[in-house]
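The values are calculated or read from the model by the stated rules, or taken from the named source; none is laboratory data. Please read these numbers as outputs of a predicted model, since none were measured by experiment. Here Cβ is always computed from backbone atoms with ideal geometry, including for glycine, and neighbour counts include all displayed protein chains.
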Amino acid sequence: MQEERKSKAKKSIKIILAVVLIAAAAVAVWFILGGKDAFDGLENTVGISDTAVSETDGLTITYFDVGQGDCALIACDGKTVLIDAGEAVYSEKIIRALNLLGIRELDYAVCSHFHSDHIGSMPAVIEEFAPSQIIMPALSPEYVPDTYIYGKLLESTEECNAEIINPLPGDSFTLGTAKFTVLGPLNELTENQNDISLVIKLTYGERSLLFTGDAEKDEEKDIVDSGADLESDVLKVGHHGSSNSSSLEFLAAVKPSFCIISVGKDNDYGHPHEKTINNIMRYTDKIYRTDICGDIHLTCDGKEIKIEY
C-alpha cells in the first residue's frame with residue numbers, strides 16, 4: 001500500500017511539472033512573438049465593434065500604441081490613411097490590426113518626417129497594403145537622410161508604383177466626406193528633421209483634428225505666424241509631449257478640447273514633459289496617452305466626438 005501511494009505521488013509530481021513546463025513554454029512563445037509591448041490591446045484594435053472600416057459610418061481613428069513612436073489610422077466612408085508607422089518592430093502589429101479591420105489597400109500613407117520611430121514600419125506596410133499615394137515632406141538635397149530605413153522607404157515606394165506627393169502648405173486631400181489639409185512645414189531649409197514634420201488638419205462635419213508629427217517650437221511659430229486656421233477639437237500632441245513642442249502660443253491657436261499623446265512607457269526622454277502637460281492643462285484635462293491607455297479609439301459623427309481605449 002505504501003509503495004502504491006509513493007507511485008501515485010510520483011505521477012502527480014510529474015503531471016504538475018508537465019503543466020508548469022507547458023505554461024512556461026507558452027509564456028516564452030508569447031514574449032518571442034512580441035509580448036505585451038508589441039501586441040497589447042490588439043484584441044481591441046478593431047475598436048468598439050468588429051465591423052470592417054468599409055462598412056463603418058462616420059469618422060474613425062485609431063492611435064496605435066507603438067511605444068516611443070507615432071502611428072494613426074484614419075478611416076472615413078471606406079477611405080483610409082495611415083499617418084506614420086512606428087519603429088520596425090511594430091510592423092507585425094500594424095499589419096495584423098489593419099487586416100482585422102478589413103483593410104486590403106490604403107488610399108494614402110503619410111510620413112510626417114523621416115525618423116525611424118515614425119517610418120520604421122512604413123516599408124512593410126507599403127508592401128502589404130500598396131497605398132496609391134504616399135505623402136511626405138520635401139527635402140533639400142543637403143538634408144536627405146543617409147539612413148537604412150529611409151532607403152528602405154524609397155525602395156518599397158518604388159516597388160509598389162505609388163505616387164509620391166510632396167505637398168505645399170494649403171494643399172488638401174479628400175478622404176470620403178472628410179478632408180485633410182497640410183499646414184506645414186513652411187521651411188524645409190533646416191537640418192532639424194523634427195521641424196520639417198508635416199502638420200495636417202483633418203476636418204469632418206463640424207469637427208477638426210490636428211496631427212503634428214514631431215514639430216517643435218520653430219515650426220509651430222512658423223505656422224502660427226502664417227495665419228493658418230489651427231483651431232482644432234483634437235490635438236495629437238507634437239513630439240511625444242517633448243518640452244520643445246506645444247508652446248503656449250501654439251496651444252492658444254489650437255484651443256484643443258482633447259489631446260492625444262503617443263509615447264512609450266518609461267521612455268528615456270522623460271516624455272511627456274511636465275511643462276508640456278501643464279501647458280495643455282490650461283485648455284483641457286482630457287489627455288489620453290498611449291503609454292497608459294494602449295490603443296486609443298476615436299469616433300466622430302461630424303458633431304460628437306467619443307474616445308475609448
Of the residues in region 133-173 that are surrounded by 12 or more Cβ atoms within 10 Å (Cβ to Cβ) and of a type in the set (Phe, Trp, Tyr), the one that is nearest to HIS113 (Cα to Cα) is TYR150
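Results for (1) closer than 30 Å to GLU304 by Cβ; (2) modelled with pLDDT of 95 or more; (3) in contact with a Leu (Cβ under 9 Å, 6 or more places away or on another chain), shown as yes or no for each residue.
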| site | (1), (2), (3) |
| --- | --- |
| LYS152 | no, yes, no |
| THR174 | yes, yes, no |
| THR177 | yes, yes, yes |
| PHE180 | yes, yes, yes |
| LEU183 | yes, yes, yes |
| SER197 | yes, yes, no |
| GLY205 | yes, yes, yes |
| SER208 | yes, yes, yes |
Residues of region 154-199 satisfying the condition of being without any contact (Cβ under 8 Å) to a residue 40 or more places away in the chain, of a type in the set (D, E, K, R) and under 17 Å from ASP225 (Cα atoms) | ASP195
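GLY238: modelled with pLDDT of 95 or more, farther than 16 Å from SER112 by Cα and of a type outside the set (Phe, Trp, Tyr), yes or no?
Numbers: modelled with pLDDT of 95 or more: yes; farther than 16 Å from SER112 by Cα: no; of a type outside the set (Phe, Trp, Tyr): yes.
So GLY238 does not fit the description; no.
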List the pairs whose first member sits in region 140-153 and is without any contact (Cβ under 8 Å) to a residue 24 or more places away in the chain, whose second member is crowded, with 16+ Cβ neighbours inside 10 Å, and whose Cβ atoms are under 8 Å apart, counting only residues at least 6 apart or on separate chains?
-> VAL144/TYR150
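If you take just the helices (runs of 4 or more DSSP H) that sit entirely in region 75-147, which of them hold at least 3 residues that are closer than 24 Å to VAL182 by Cβ?
So the answer is 116-119, 122-129.
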Taking first residues from region 92-104 that are at positive phi and assigned by TED's automatic domain parsing to the domain that holds ALA75 and second residues anywhere that are modelled with pLDDT under 95 and outside any loop (DSSP other than H, G, I, E, B), the pairs with Cβ under 8 Å that are 6 or more apart or on different chains are GLY102/VAL53; GLY102/SER54; GLY102/GLU55
